[in-house]
Every structure is written in structure tokens, then in C-alpha cells.
Amino acid sequence: MTKIMLLGSGELGKEVVIALKRLGHTVIACDAYEGAPAMQVADGFEVFSMLDGDALDAAVAKHAPDIIVPEVESIRTDRFYAYEEQGIQVTPSAKAANFTMNRKLIRDLAAKDLGLRTAPYGYATTYEEFQAAVEKVGMPCVVKPLMSSSGKGQSVVKTPADMRPAFDYALEGSRGDLKEMIVEGFIDFHTEITLLTVTQKTGETLFCAPIGHRQERGDYQESWQPCAIDPGQLAECQDMAAKVTSALGGAGIWGIEFFLAEGAVYFSELSPRPHDTGMVTLAGTQNFNEFELHARALLGLPIPEIEQRYPSVSAVILASKEGVPHFSGLEEACAYPQSDVKIFGKPTTRPYRRMGVVLAYDRSGEETMDAMRKRAAEIASKVKVY
């Protein structure tokens with residue numbers, strides 16, 4: 001039996017634990033607060049700040065895991081190299097976790113080392129550097145902390161009046177002690193997709209059907225699979241995904257985001273773990289959902305194929321205020337056919353915090369994707385968090 005330490009215990013981590021437990025393994029779930037979703041289904045848990053390197057070392061020493069699985073950005077990822085030297089497997093790899101938790105490392109790898117097409121960009125730690133970066137890439141532009149999650153600290157600069165608020169917001173939204181931001185030139189894209197990519201210890205790299213998604217406040221609101229895409233652009237996305245995952249190394253699932261524009265594909269971001277937009281696969285759209293794929297890959301179990309079965313849409317359920325969660329409308333939401341509702345079990349709420357997800361699917365192939373998206377949004381609107 002393998003012992004796995006999960007670093008980050010939100011809703012994505014919870015599904016990873018379920019997948020690992022179904023394969024018979026022991027999981028210790030870690031996060032900065034008690035009662036996190038993954039802790040509710042794990043064999044044990046630890047509560048500490050994963051940005052505290054000494055606390056992280058102590059937890060690893062205490063539990064002596066065979067495998068470490070990072071599930072959030074705010075981790076002292078530089079410690080992972082030492083864990084690998086001790087014989088502990090880091091998923092997908094220490095290099096992958098360290099590079100992708102920092103937008104600067106992954107962007108420079110993609111654009112400079114691998115030559116992938118990206119938006120023009122610059123970095124800033126001071127307001128003067130920020131002004132220079134905005135001048136370099138032009139307006140409109142997108143500002144993001146180098147280390148953040150769920151869209152925190154992300155905004156769009158359209159006019160000079162937006163600059164100071166965007167700079168301050170990026171600093172406030174930075175996770176950990178890294179107070180630096182990336183300024184990206186705006187891409188005139190028609191679609192944003194996630195390409196879930198699976199690398200295996202032995203076996204070829206596999207790709208899930210592309211997932212379209214829509215964001216607000218830098219955080220995903222709905223996703224749909226499969227997303228219609230030109231075959232040539234899909235092949236280009238797969239080629240870019242294979243190059244960047246090969247450069248980072250390791251086995252697991254990767255959520256790789258691309259912008260699709262007229263006649264061009266742009267690499268955007270990469271997460272070395274299950275992606276929030278990939279929750280759409282919980283509707284059974286594939287023979288293995290993204291969490292089962294991650295579990296198989298990190299355990300070294302073969303994945304002979306990824307079969308796309310039928311289309312599906314996910315739509316998030318958000319909280320509107322701070323407090324202890326209570327839900328209404330679940331009976332009404334659950335009455336819809338070909339749908340599902342999943343509540344994550346987070347112990348507290350705050351405005352716009354993701355508390356659950358609605359899944360709508362169509363096994364008949366008769367419903368259009370637009371109609372399915374409307375149905376998923378309608379179901380999600382029935383569930384109120386108060």
C-alpha cells in the first residue's frame with residue numbers, strides 16, 4: 001500500500017483522494033485550515049502553512065510518504081528537490097511543481113526556451129517597472145501576480161486610470177512572499193480552452209478532448225467538453241503541450257490553457273495537476289475523469305486510452321457573503337434530468353467562493369452545447385448559498 005501526502009485539500013484534492021482511495025492507497029491531506037474538503041475523505045490530515053518550509057519538512061518527516069502530490073500554488077516548492085533526493089516521488093516532478101507555481105518560470109520556459117507562441121509580456125516588482133511593462137506590451141493588458149490562485153489579484157488595464165489599482169490589487173493577491181507580477185498584452189481570442197494532458201511513467205502522452213471555459217474575475221464560471229476547435233489548431237495545442245510537459249518531466253495530469261485566435265494559437269498557462277475547468281469530466285464524459293487519470297498516472301498504472309463518451313457542461317455554485325454555509329434549492333436543482341449537483345463541503349464562505357458545481361450532460365446527442373450551457377446555468381441558479 002502506497003502512502004501519499006496531498007498538499008492542498010480543496011475540492012480538486014478531494015476528488016484526487018477519492019480516486020486514490022478507490023485504488024486502495026493511504027492519503028494524508030494537508031492544508032492551512034482544518035475541515036478542508038479533502039481532509040473529510042482522507043486517512044489523516046495535517047494543518048499548517050505550506051509556505052513554512054520547516055513545517056512542511058516536519059510533516060514529511062512525520063508521515064514519510066512514498067509520493068507527494070501538490071494541489072495548490074502556495075507551497076514552498078523549492079523543498080521538493082530535497083524530497084526527490086530522499087527517494088520521495090513528487091508529482092509530476094519537483095521541477096514541474098517549482099516552475100509552474102511561479103508564472104515567471106513557466107512563461108520564460110515556454111516563450112524563451114521552447115519558443116512557444118505567447119502574448120507579449122513583462123514583469124514588475126515596483127510601480128516604475130509596472131509602468132514600463134505596460135508601455136512595452138500596450139493597452140489593454142492583463143495583470144497577474146506571479147503566484148496566486150483562482151484569479152486573485154488579476155485584473156485588466158484598459159486606461160491609465162486603471163494602472164495604480166491594478167498594480168495594488170496584484171500585490172494584494174500575491175500568495176506567499178513573492179511580490180512580483182506579470183503584465184501580458186491582450187490577445188484578441190475567440191475561445192479559451194484547457195487541454196488536459198496526461199504524461200505516463202511508461203506509455204505515451206495522452207490528451208483529453210478540449211474543454212472550453214468562461215471566466216469572470218479571473219476565475220472559471222463554466223466549462224464545456226468537447227469544445228469545437230479547428231483540427232489544425234488542436235494539433236498545434238497538442239504539440240505545444242507535449243513539448244512543455246516533456247521539458248518539465250514526470251507523470252500526472254496537466255491542465256494547459258490556450259487562447260485560440262484567428263489563425264493562431266497562444267500558450268497561456270499550465271497547472272501540473274487536475275484543473276478546475278476539468279470538473280466537467282465528473283459527469284462521466286470520459287472513461288476516466290481527470291482525477292482518476294491523475295491517480296493512475298502518478299501511481300504508474302497504465303492508461304490504455306481516453307475515450308470521449310458524450311458532451312457535458314459544468315457551472316459553478318458561488319457564495320455571496322462570508323459565514324457558515326447553508327444551502328437552499330437543492331431539491332429543485334436535483335429534479336432536472338441528465339444532470340448532477342456536487343457540494344464541496346467547505347466549512348466557511350466568502351463572496352464568490354466556489355462552493356459546488358452543477359453538471360449537465362446529454363447522452364442522446366440531440367441537445368446543442370449552447371442549450372446545455374443554458375440548462376447548467378439554470379440549474380446552478382436554483383442553488384443558493386446563505
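Quick notes on this structure:
- Any pair with Cβ under 6 angstrom, 6 or more apart, that starts in the stretch 301-312 at a residue that is under 18 Å from G252 (Cα atoms) and touching a residue at least 12 places away in the same chain (Cβ under 8 Å) and ends at one that is open to solvent by less than 70 Å² (accessible area, probe 1.4 Å) and not in a loop (DSSP other than H, G, I, E, B): I303/R296; I306/L206; I306/Q286
- Contact map, the stretch 248-272: residues that are without any contact (Cβ under 8 Å) to a residue 60 or more places away in the chain and within 15 Å of V72 (Cβ to Cβ) paired with residues that are in a strand (DSSP E or B) and open to solvent by less than 10 Å² (accessible area, probe 1.4 Å), Cβ distance under 9 Å, separation 6+ or inter-chain. No pairs are found.
- Annotation: K321 fulfils all but one of (1) among the charged types (D, E, K, R); (2) in a loop (DSSP other than H, G, I, E, B); (3) closer than 29 Å to D66 by Cβ; the unmet one is (3).
Residue-wise test of (1) part of a loop (DSSP other than H, G, I, E, B); (2) touching a strand residue (DSSP E or B) at 6+ places or on another chain (Cβ under 7 Å); (3) under 30 Å from M50 (Cα atoms).
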position	(1), (2), (3)
A170	no, yes, yes
T202	yes, no, no
M240	no, yes, no
S246	no, no, yes
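- Within the stretch 214-226, considering residues that are open to solvent by 10 Å² or more (accessible area, probe 1.4 Å) and not in a loop (DSSP other than H, G, I, E, B), the one farthest from A319 (Cα to Cα): W224
- Residue within the stretch 89-107 that is at positive phi and either of a type in the set (V, I, T) or not in a helix (DSSP H, G or I) (or both) present: no
- Leading residue by the ranking (nearest to D370 (Cα to Cα)) among those in the stretch 190-204 that are surrounded by fewer than 15 Cβ atoms within 10 Å (Cβ to Cβ) and not charged (D, E, K, R): H190
- Condition check for E366: over 19 Å from A333 (Cα atoms) and surrounded by fewer than 19 Cβ atoms within 10 Å (Cβ to Cβ): yes
- Restricting the stretch 344-386 to residues that are of a type in the set (D, E) and in a loop (DSSP other than H, G, I, E, B) leaves a set whose member that is nearest to the chain's Cα centre (by Cα) is D362.
- Residue list for the stretch 324-333, filter: open to solvent by less than 50 Å² (accessible area, probe 1.4 Å) and either outside any loop (DSSP other than H, G, I, E, B) or within 15 Å of A376 (Cα to Cα) (or both): S328, G329, A333
- Restricted to the stretch 141-167, and to residues there that are at pLDDT 95 or above and surrounded by fewer than 16 Cβ atoms within 10 Å (Cβ to Cβ), the residue that is nearest to R214 (Cα to Cα) is K158.
- For the stretch 4-51, the set of residues classified as among the charged types (D, E, K, R), buried (at least 24 other Cβ atoms within 10 Å of the Cβ) and part of a loop (DSSP other than H, G, I, E, B) is empty.
- Extreme residue, nearest to S174 (Cα to Cα), among residues of the stretch 62-88 that are open to solvent by 70 Å² or more (accessible area, probe 1.4 Å) and assigned to a helix (DSSP H, G or I): D78
- Filtering Y336, Y361 for residues that are among the aromatic types (F, W, Y) and buried (at least 20 other Cβ atoms within 10 Å of the Cβ) leaves a single hit, Y361.
- One residue alone among V265, V280 is surrounded by fewer than 24 Cβ atoms within 10 Å (Cβ to Cβ), among the hydrophobic types (A, V, I, L, M, F, W, C) and either touching a strand residue (DSSP E or B) at 6+ places or on another chain (Cβ under 9 Å) or in a helix (DSSP H, G or I) (or both), and that residue is V265.
- Of note, F259 does not satisfy the criterion of being within 21 Å of P70 (Cβ to Cβ), at pLDDT 95 or above and in contact with an Asp or Glu (Cβ under 8 Å, 6 or more places away or on another chain).
The values are calculated or read from the model by the stated rules, or taken from the named source; none is laboratory data. Nothing here was measured: the structure is a model prediction, and the numbers come from that model. A quick note on method: Cβ atoms are made from the backbone with ideal geometry, for glycine too, and the neighbour counts reach across all protein chains shown. Please note that ligands, DNA and RNA were not included when accessible areas were found on the heavy atoms of the full protein model with its side chains. Shrake-Rupley method; radii C 1.70, N 1.55, O 1.52, S 1.80 Å.
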